[in-house]
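Asks: Before I ask anything, here is the structure I am working with.
The values are calculated or read from the model by the stated rules, or taken from the named source; none is laboratory data. Just so it is clear, the structure is predicted and the values come from calculations on it, not from any experiment. Please note: Cβ atoms are built from the backbone with ideal geometry, for glycine as well, and neighbour counts cover all protein chains shown. These accessible areas exclude ligands, DNA and RNA; they are computed on the full protein's heavy atoms, side chains included. Shrake-Rupley method; radii C 1.70, N 1.55, O 1.52, S 1.80 Å.
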Amino acid sequence: VSLPKRDDMEAIPGYLSLHQTADIMALKWTPNQLMNGSVGDLDYEKSLSSKNSQCQDVTKEERRQMAHVYWDYAMTIRLEEIVYLHCHQQVDSGGTVVLVSQDGIQRPPLRFPRGGHLLQFLSCLENGLLPHGQLDPPLWSQRGK
C-alpha cells in the first residue's frame, strides 16, 4: 500500500496493518524503507544526497536524514476518530481509501495495488469492528455479496 507523492516525490510504498486491543483499533502505515532498512534506494532519496551523480555511496549521515524524512510519513490512526471512509476502486489500477476524522481532516490517501487488496482490507476492517460496530452501509449483506 503506498502513499501519494509530495513535492514530485515517487509514491512511497509501505506496510499497512490493523491493530486491535481490548480498548481500541488502530491502523498503522510505515514506509517500507523503515521496515526493511533500505533507505537510500529511491530516486527521491538519491536526489537528497549532496554527492554528485557519479558518486554512488550515500553517507551514514545522509541515510539518517532520509530516514527522518520517512518517519514524517509514518501514521497511526485510531479508528474511533474516523467517521468517514471514502473509497475509489479502479479495475486497472487497484483502489484508494481516504479516511476522514471527526474534525473533518482528511488523512493521506492509501493506494492499494490491483488484485482485490482493497476489498481484503475493508473485510478485515469490518471484521475487526464487530460485534460493536460495522461499516455503514455494511460491506456484505446477509444474502451474500
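Asks: Looking only at the stretch 67-103, which residues are over 21 Å from W140 (Cα atoms) and in contact with a Phe, Trp or Tyr (Cβ under 9 Å, 6 or more places away or on another chain)?
Replies: V69, Y73, A74, M75, T76, I77, V100, S101
Asks: Right, something else. Taking into account only those residues within the stretch 112-136 that are open to solvent by less than 100 Å² (accessible area, probe 1.4 Å) and not in a helix (DSSP H, G or I), which is farthest from K28 (Cα to Cα)?
Replies: Going through the stretch 112-136, the residues open to solvent by less than 100 Å² (accessible area, probe 1.4 Å) turn out to be 112-113, 115-119, 121-126, 128-130, 133, 135.
Restricting the remaining residues to those that are not in a helix (DSSP H, G or I) gives 112-113, 115-116, 130, 133, 135.
Details: F112: 15, P113: 17, G115: 21, G116: 20, L130: 19, G133: 20, L135: 19 Å.
Result: G115.
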